[in-house]
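**Q** The following block contains the structure, expressed as structure tokens.
The values are calculated or read from the model by the stated rules, or taken from the named source; none is laboratory data. Just so you know, these numbers come straight off a predicted model, no measurement behind them. Here the Cβ is made from the backbone with ideal geometry for all residues, glycine too, and neighbour counts use every protein chain on show.
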Amino acid sequence: MAKHTPLYLRHAALGAKLVDFGGWDMPLHYGSQLDEHHRVRRAAGLFDVSHMTIVDFAEPAPTRALLRYLLANDVARLYPGKALYTCLLNEAGGVIDDLIVYDRGAAGYRLVLNAATRDQDLAWITPFAARFGAAWRERADLAMLAVQGPQALDRLEPVLGATTITAVRALKPFHALEADGLFIARTGYTGEDGVEILPLATGAPELWDRILAAGVAPCGLGARDTLRLEAGMNLYGSDMDETTTPLVSGLGWTVAWEPADRDFVGRAALERQRTVGVPQTFVGLVLEERGVLRGHQSVHADDREIGQITSGTFSPTLNRAIALARVETGVGARCQVEIRGKRLSARVVKPPFVRHGRVLIE
């Protein structure tokens, strides 16, 4: 049986097209994925992301030691209120999941994991946590709403109050605060300004209603995917998985090599790959002909296959097809993508394609 977030009845009442996502019935869109995409780029949109897995570690000292060993990025860089994006790796350096970890000071650390990888993540974390003596609990009692877009904070002011919004505006990206029983983080998955809010699940429907009443449009997973791809953000299971390392997935920046004496799961494998030479690179593609780029389409240069698209879509902002791809290191400025037996010309670019409403490619 599919799982439901605390907002499931709200989605159904709004006429959302519901689809299975990692075992959850989630809204794909509320009528027009295209309109929802543009609302987030131009104004503000509201996403239910309560299917994400939230895990709290209560004891800072043993948890800090655990996370410094378990994660590729280094939580020693954190301080109370700061967040960090990182990967959970296996011994071969493959990505078990990507996640955000928040430093909550004396309250400990909070991890937000992907919904589809919940079981494997918790099964991996549990024995390590026991070894380090780090107690944890899953927070199924919390929901998670994302309000994203250039007008997000303006629209939220009558909902959260001027004092809270003033404090939120003062936060830098990847920082969080707790106010009036809400955990509010300057994070998101769209490449736009905004926040992710974690209320108690029991209060999520009322908060949802108040945000909608403030003029924020409901948006589904379809727009969330086109927005994140334009923003050059990886999707677990498409752009990286347990068979690929951060170094070939455009996530080398999430690996903290210093201090050199910090051991972490997968470090030895990553160091070997770095020493030998990373065989593939992660790039953006812009199709120069009519067509749509999709995952698993082959990429070619000099009449040979040099890689594959990992994520592809039609970009509503650019009005053309774009993709993320893993290709041979040393790829040139042009390539071809095989679509339905034809090889179409594409330009190789550095993602992101769009951030904060600005087109970043020519």
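**Q** Between T226, T202, which is over 19 Å from the mean Cα position of the chain (by Cα), polar (S, T, N, Q) and at pLDDT 95 or above?
**A** Residue meeting the stated conditions: T202.
**Q** Here's a follow-up. Take the residues in segment 214-257 that are of a type in the set (F, W, Y) and not in a helix (DSSP H, G or I); name whichever of them is surrounded by the most Cβ atoms within 10 Å (Cβ to Cβ).
**A** Restricting to residues being of a type in the set (F, W, Y) and not in a helix (DSSP H, G or I), the top hit is Y236.
**Q** Does R210 satisfy the criteria of being crowded, with 17+ Cβ neighbours inside 10 Å and more than 18 Å from the chain's Cα centre (by Cα)?
**A** no
**Q** Before we move on, is A61 without any contact (Cβ under 8 Å) to a residue 24 or more places away in the chain and of a type in the set (G, A, S)?
**A** The answer is yes for A61.
**Q** Please give the number of the condition K172 fails out of (1) among the charged types (D, E, K, R); (2) touching a Gly at 6+ places or on another chain (Cβ under 9 Å); (3) within 23 Å of R77 (Cα to Cα).
**A** (2)
**Q** May I ask you to list pairs of residues, at least six apart or on different chains, whose Cβ atoms are under 7 Å apart, with the first in segment 329-357 being in a loop (DSSP other than H, G, I, E, B) and the second being polar (S, T, N, Q)?
**A** Between residues of segment 329-357 that are in a loop (DSSP other than H, G, I, E, B) and residues that are polar (S, T, N, Q), the close pairs are T329/Q280; T329/T281; V331/T281; F353/S315.
**Q** Can you tell me which of Y79, Y109, Y85, Y69 is under 14 Å from W136 (Cβ atoms) and either hydroxyl-bearing (S, T, Y) or not assigned by TED's automatic domain parsing to the domain that holds R267 (or both)?
**A** Y109
**Q** With the condition kept exactly as written, say whether any residue in segment 157-172 is surrounded by fewer than 22 Cβ atoms within 10 Å (Cβ to Cβ) and within 20 Å of the chain's Cα centre (by Cα).
**A** Looking through segment 157-172, at least one residue is surrounded by fewer than 22 Cβ atoms within 10 Å (Cβ to Cβ) and within 20 Å of the chain's Cα centre (by Cα).
**Q** If a residue counts only when it is in contact with a Leu (Cβ under 7 Å, 6 or more places away or on another chain) and of a type in the set (V, I, T), which helices (runs of 4 or more DSSP H) contained entirely in segment 100-191 have at least 2 such residues?
**A** 162-169
**Q** Would you point out which residue out of L34, L84 is in contact (Cβ under 8 Å) with a residue 12 or more places away in the chain and in contact with a strand residue (DSSP E or B) (Cβ under 7 Å, 6 or more places away or on another chain)?
**A** L84
**Q** Right, something else. Has segment 270-277 got at least one residue that is over 30 Å from I125 (Cβ atoms), exposed (fewer than 14 other Cβ atoms within 10 Å of the Cβ) and of a type outside the set (V, I, T)?
**A** Scanning segment 270-277 turns up at least one residue that is over 30 Å from I125 (Cβ atoms), exposed (fewer than 14 other Cβ atoms within 10 Å of the Cβ) and of a type outside the set (V, I, T).
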